[in-house]
Amino acid sequence: MGAPAPDAELFTDAMAGLASGVAVVTAVRADGQPCGLTATSISAYSSDPPSVLVSIGHGSRCHSAVVAGGECFAVHLLRSTQEDVARVFASRSDDKFAGLEWYWDGEVPRIEGVLVYLRCRRAAVFERYDHSILVGDAEGGFAEDGDPLVYMARRMDWRLSGPV
């Protein structure tokens, strides 16, 4: 006989123990304005072709732009010093790009100063439960040396540092 199915609280508590990099996903809205959201449900999907998997809640105000908007979106992995950026993009602010250094990379808003930037072309979208699972093929970007901002135990202030 198997273990009983976890309830929502148990599941949430269990998942809080997983460390995850903190990213901002950006896209362009139908009105041509930039939008973005903080995400921790991001992972490598494939190395051939290089692609990422992003899970986005249906309740996000940026959901439709990322999932069904233009063909491209961007994933920005944040530095350990960018907790303020993560909090702005996790907020309900109307203009998350105000006061932020960013520019257009084609149709994709690109944030300056991040640890990793991946410009992705939407390859597949799967609707399941209260989230959309998005697969994006990386078309370009960069990765720099530095420490990532990490989310764990419901805190976004964890910071990993290099070898000790």
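If the condition is being within 22 Å of Ser60 (Cα to Cα) and either surrounded by fewer than 15 Cβ atoms within 10 Å (Cβ to Cβ) or in contact with a helix residue (DSSP H, G or I) (Cβ under 6 Å, 6 or more places away or on another chain) (or both), then segment 105-120 contributes no residue at all.
For segment 18-43, the set of residues classified as under 17 Å from Ala124 (Cα atoms), assigned to a strand (DSSP E or B) and at pLDDT below 95 consists of Ile42, Ser43, listed by residue number.
Per-residue answers, yes or no, for (1) surrounded by 17 or more Cβ atoms within 10 Å (Cβ to Cβ); (2) charged (D, E, K, R); (3) farther than 19 Å from Ala124 by Cβ; (4) at pLDDT below 95:
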| position | (1), (2), (3), (4) |
| --- | --- |
| Asp48 | no, yes, no, no |
| Val54 | yes, no, no, no |
| Cys62 | yes, no, no, yes |
| Val75 | yes, no, no, no |
| Val85 | yes, no, yes, no |
| Arg92 | no, yes, yes, yes |
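The values are calculated or read from the model by the stated rules, or taken from the named source; none is laboratory data. This structure is a prediction, so every number in the text was calculated from the model and none was measured. Glycine gets a Cβ as well: all are built from the backbone with ideal geometry, and neighbour counts include every protein chain shown.
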